[in-house]
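What follows is a single structure, written as structure tokens, with notes after it.
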Amino acid sequence: GLFSDKSAAFVRDCVFEDNFSSDGGGVYTRYASTAFTNCIFRLNRAGAFGGGVLFLNSECSMTDCVVQGNRCEARGGGIHFVNGRHLLTRVSVTGNVSTSIMGGVSVDNIVDPLARVDFVDCTVTGNTATVAQGGIGILGSSASTTVALSGTTVCTNLPRPNIVGTWQDLGGNTICVCLADLYSDDVVNGNDLGILLAAWGVCGTGDCIADL
């Protein structure tokens, strides 16, 4: 839909819809400084990373935007970040799909010690991944990548947990956790009870997810 390379752009009141690329189906920014305001990214598809948007080594912002119904085959059905510094304000990321991991948002730091993504008053809901990490997936150590959330809701993404990786809680967030849903299908029922009974007794080494 849009390719921004080593450039600076202000994009306002635009719709990126039904586009396809190997990476960054709706928008792909590379070594760029781009600001998106009141834009919609929907029904775009990427053969690998960033179904809706891919930000690579960039410094970008998104304000009052919607990222909905996009799809990728690798990471970041909605948005895929690699390095750089980014600010999302009142952005809705919903109903996106990855046929691998990270259905909603993928944050991947490779070499940038100052990499940062800030979510302010955003929603990341109803995204799915076929393998793992339905909501927000964060790669990279806490020393090299900073992901900070404030006033942000991350719920109803599958598979859970809704956020995987290290992040900063700056307050006012709603991160949905359903401890009793051991089967991770958004329902507490016999499937969860079966897991609980199978794990009954003293925990061995490693995680003990049934110890509610």
Requested in this report: Please find, within the range 101-123, the residue that is modelled with the lowest pLDDT out of those that are assigned to a loop (DSSP other than H, G, I, E, B) and closer than 16 Å to LEU54 by Cα.
Outcome: ILE110
Requested in this report: Scan ASP13, ASP18, ASP23 and give me the residue that is in contact with a Phe, Trp or Tyr (Cβ under 7 Å, 6 or more places away or on another chain) and more than 16 Å from ALA115 (Cβ to Cβ).
Outcome: ASP23
Report summary line: The residue from VAL111, VAL117, VAL105 that alone is more than 10 Å from the chain's Cα centre (by Cα), open to solvent by less than 10 Å² (accessible area, probe 1.4 Å) and β-branched (Val, Ile, Thr) is VAL117
Requested in this report: Scan the range 127-143 and give yes if some residue there is among the β-branched types (Val, Ile, Thr), at pLDDT 90 or above and in contact with a Phe, Trp or Tyr (Cβ under 9 Å, 6 or more places away or on another chain), otherwise no.
Outcome: yes
Query - Failed condition for GLY171, given (1) at pLDDT 90 or above; (2) buried (at least 18 other Cβ atoms within 10 Å of the Cβ); (3) part of a loop (DSSP other than H, G, I, E, B) - result: (2)
Query raised in the report: Which condition does ILE163 not pass, out of (1) on the phi < 0 side of the Ramachandran plot; (2) at pLDDT below 90; (3) in contact with a Leu (Cβ under 9 Å, 6 or more places away or on another chain), if it passes all the others?
Result: (2)
Report task. Please enumerate the residues belonging to the range 7-30 that are among the β-branched types (Val, Ile, Thr) and closer than 15 Å to CYS72 by Cα. Result -> VAL27
Query raised in the report: Does THR146 qualify as being free of Cβ contacts under 8 Å to residues at least 60 places away in the same chain, part of a loop (DSSP other than H, G, I, E, B) and of a type in the set (Ser, Thr, Tyr)?
Result: no
Query raised in the report: Do any residues in the range 46-69 that are more than 18 Å from GLY135 (Cα to Cα) and touching a residue at least 40 places away in the same chain (Cβ under 8 Å) have Cβ atoms under 7 Å from those of residues that are aliphatic (A, V, I, L, M) and assigned to a strand (DSSP E or B), where the two are at least six apart or on different chains, and which pairs are they?
Result: ASN57/VAL82
Query raised in the report: Out of curiosity, is GLY140 closer than 25 Å to MET62 by Cα and either out of contact with any Ser or Thr (no Cβ under 8 Å at 6 or more places or on another chain) or open to solvent by 30 Å² or more (accessible area, probe 1.4 Å) (or both)?
Result: yes
Report task. Among residues belonging to the range 199-211 that are of a type in the set (A, V, I, L, M, F, W, C), open to solvent by 90 Å² or more (accessible area, probe 1.4 Å) and at pLDDT 85 or above, point out the one that is farthest from TYR183 (Cα to Cα). Result -> VAL202
Query raised in the report: What are the residue pairs meeting all of these: first residue in the range 170-185, first residue more than 18 Å from VAL117 (Cα to Cα) and of a type in the set (Gly, Ala, Ser), second residue at pLDDT 80 or above and not in a loop (DSSP other than H, G, I, E, B), Cβ atoms under 8 Å, and 6 or more apart or on different chains?
Result: ALA180/ASP192; SER184/LEU158
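The values are calculated or read from the model by the stated rules, or taken from the named source; none is laboratory data. Please read these numbers as outputs of a predicted model, since none were measured by experiment. We place every Cβ from the backbone using ideal geometry, glycine too, and count neighbours over all the protein chains shown. We work out accessible area using only protein heavy atoms, side chains counted, and drop any ligands, DNA or RNA first. Shrake-Rupley method; radii C 1.70, N 1.55, O 1.52, S 1.80 Å.
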